[in-house]
Structure formats: C-alpha cells, structure tokens
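The values are calculated or read from the model by the stated rules, or taken from the named source; none is laboratory data. Computed from a predicted structure; not experimentally measured. For neighbour counting, all protein chains shown are included, and Cβ atoms are generated from backbone atoms with ideal geometry for every residue, glycine included.
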Amino acid sequence: MRYLYVTVALAFFWVVLSGHFAPLLLGFGALSVSLVLIVVRRMDRADRQPGELVPQLGLVGYIAWLLKLVIESNIDLARRIWNPALPIEPVWTRLDTHVVSPQAKTLYANSITLTPGTLTTQVHEDHFMIHALSAEGIEELRHGEMERRIARLDL
Amino acid sequence: MLTAAIIAIIVTMMLALIRAFQGPTEYDRMLAANAFGTKTVLLIAIGGHALSWHSHLDVALLYAMVNFVGTIAVMRFFESRADGDCGEEGGTL
Amino acid sequence: MSELLDWLSFVLLLAGSVLCITGGVGLLRMPDFFARVHAAGLTETLAAPLLLSGLMLRMDWSLDLLKIVLILVFILATNPTASHSMARAALHGGCRPLLGNRRPSPGENASSKT
C-alpha cells in the first residue's frame, strides 16, 4: 500500500516537472519511477522501521488551522521587529509532550518551529526544549491545543 | 508591481549579506546564507516571470533543494566537530 | 474579473515585500543567534507564500502554477528542519541563548546538556 502512494506521488511529480505527454517521455518517466521504487525498497531494508505517512483528510484541516496560526504570529512578530524598543523577552524552557509516535512528534516539532516566535531546539524522549521570543508564545503551547489536534490525527 | 517585489527581495538579500559579513558567530553567517538562498529562489521565480524566461521555475525548485541540502550538510559538519566555537555566552538580556 | 485578480495580486505582493524586508531588518536587529532564527523564519514562512501566490495570480493557466505550488510546499516543509538543525548545531557548539527574564537558564540542568 505504501508503495502505491510513493508511485502516485512520483508519477505526479514527473508529469508536473516535464509537462510533455509524448509516449517516449512518459516511458522515460515510468522508467525513472520504477528505478526510484527499487531504491526505496532497498532503503526500507536498511531502515528497520520504515516510517509511513498515510494521507488523510484530517491533515488538510490541521494544515489550514496551522496556517491561520502562522499568519497571526507572523503579524505579532513583525510588530515587535518594527517597534523601536524591540519588545522581546526570550525564554528557553522545556515543554512536556504526550504524543508518542515518531510521525506525530516530527509533525509537532516542525509545527512549533514553523510558527514564528517559537523554535524547537532539541527533541527528547518525553519533552522538547523550546526557545520562544515571548512568554505568551510558550504559554500558548502549554495550553496544548496544537498537541490535541495532532493527537486527534492518529498518526 | 513585480519590480517593487524584486527590489524588496534584493534589499532583504543585502540585509542578509550584512549579517553574513558581521557574524559574530559562524552560525549567524550560515543562517544569513540560508535566508539569502531562500530569497534567491523567490528572486528567480518572480524575476524570471517578469523577464519571461523559460523554465525558470525548474531552476528555482532545484535551487531550493540545493539550498536545503547545503544548509543541513554544513550544520552536520559543525555538529560533528569536536570543539564548537561560540563567541557569545548566554546570559540575561 | 481580471481587474479584481490584479488588485488581489497587488495586495499580496505588497504585503509579501513588506514582510520580506521586515525579516531582513529583524535579522540585523535581533540581539543573539536564537532570536535571529525567528526573524529569518518570518521571511520564509509568510513572505514566501505571499509573494509566490501573488505571482500565481498574474500567470496564465498552465503547469507552471503547479510548479510554484511545489516550490511553496518544499520551502514550507524544509524551513523548520533547517532552522531546527541550525539551532541544535549552535547549542552543540556551546552557544546559550540570551534570556530576557531573570530565571536561571535551563541550560544548567542535566537534561539539556549536549
């Protein structure tokens, strides 16, 4: 099943990049896709626990929610930068996490970093180290809405 | 309007270059270089459209990939060095 | 209709340009490396999407639009990874962030020692 997703994604990528539909070029595309599939299979043997990211509808909703958050915090940070007094108060602290699967943790850490104002500096077994430009940013993370939404995705 | 966007991108690239030359740590320089690379991707995409180049978007996509891999590679190299060198110590603002 | 698209693209490009320069200024103004990462992230997370979507509204309908979406997805997906790797390398190299409050730095306790 996983190879099906990879094949579809690779074929889509080829068609977008080439933009030609001549049989010869589509044949080259099929050749490249199968070559990459062979390499992916070999890589799975080297990597004992191949990660699997199943595309699902909830992810779209999460990304839309995340974009809204990113826009809000971008505006906040832009205000701080143009303020002559530079009102930042950096904190560097630990944030306990409850999501366990590697995929969910990756998504969580990346979402935190993607939001301007908060930055994941280290990922540990049960907590992250977060650098934030203001105490409000870290309070919002402690509130845990982002983590609840990721937990609901069931990755 | 595209011209204004191009000018804004070039100004940002200049600011990033100033940071890259000032340092003070090597990490700052790498951060500025990474920001510079992302701006280059935007410059190729928008400038190429304004000058009606062909296949500029493929170049931009490739540049984005090279920029990312380059940043990761240099940071891995910094991390693997035994003695990290950081000019400034932590403290209070 | 095309008039409306022109105006929308104008607004998007303008907002993107302003945010782009804001990120550059932040890169110069911020006091230490970790704060500068935030400023660099500002230009990459919102300025790039705004500028690229402003560009998309000006283009004719073709496969190039999908290519721009691919560039956008790639930038948004890799930017956090690059930021995180830079921050980790800096911590590994002995940098400790400047803190604005008076509490002791969590760099002192064992869990975050690299």
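State yes or no: is C:Leu4 modelled with pLDDT of 85 or more, surrounded by fewer than 17 Cβ atoms within 10 Å (Cβ to Cβ), facing chain B (nearest Cβ under 7 Å) and more than 13 Å from the chain's Cα centre (by Cα)?
no
For the structure I just gave you, tell me whether A:Glu72 is of a type in the set (Asp, Glu), in the same structural domain as A:Thr120 (by TED's automatic domain parsing) and in contact with a Ser or Thr (Cβ under 7 Å, 6 or more places away or on another chain).
Here the answer is no, as A:Glu72 does not meet what is asked.
Take the range B:59-74 and flag every residue that is surrounded by 17 or more Cβ atoms within 10 Å (Cβ to Cβ) and more than 7 Å from chain C (Cβ to nearest Cβ).
Passing the criteria: B:Tyr63, B:Asn67, B:Val74.
Restricting to the range C:38-83, what's the tally of residues that are surrounded by 23 or more Cβ atoms within 10 Å (Cβ to Cβ) and either of a type in the set (Gly, Ala, Ser) or free of Cβ contacts under 8 Å to residues at least 12 places away in the same chain (or both)?
Of the residues in the range C:38-83, 8 are surrounded by 23 or more Cβ atoms within 10 Å (Cβ to Cβ) and either of a type in the set (Gly, Ala, Ser) or free of Cβ contacts under 8 Å to residues at least 12 places away in the same chain (or both).
C:Ala35: of a type in the set (A, V, I, L, M), surrounded by 20 or more Cβ atoms within 10 Å (Cβ to Cβ) and facing chain B (nearest Cβ under 7 Å), yes or no?
No, not satisfied.
Please go through (1) in a helix (DSSP H, G or I); (2) in contact with a Ser or Thr (Cβ under 7 Å, 6 or more places away or on another chain); (3) not small (Gly, Ala, Ser) for C:Arg58 and return the number of the only condition it doesn't satisfy.
Result: C:Arg58 fails condition (1) only.
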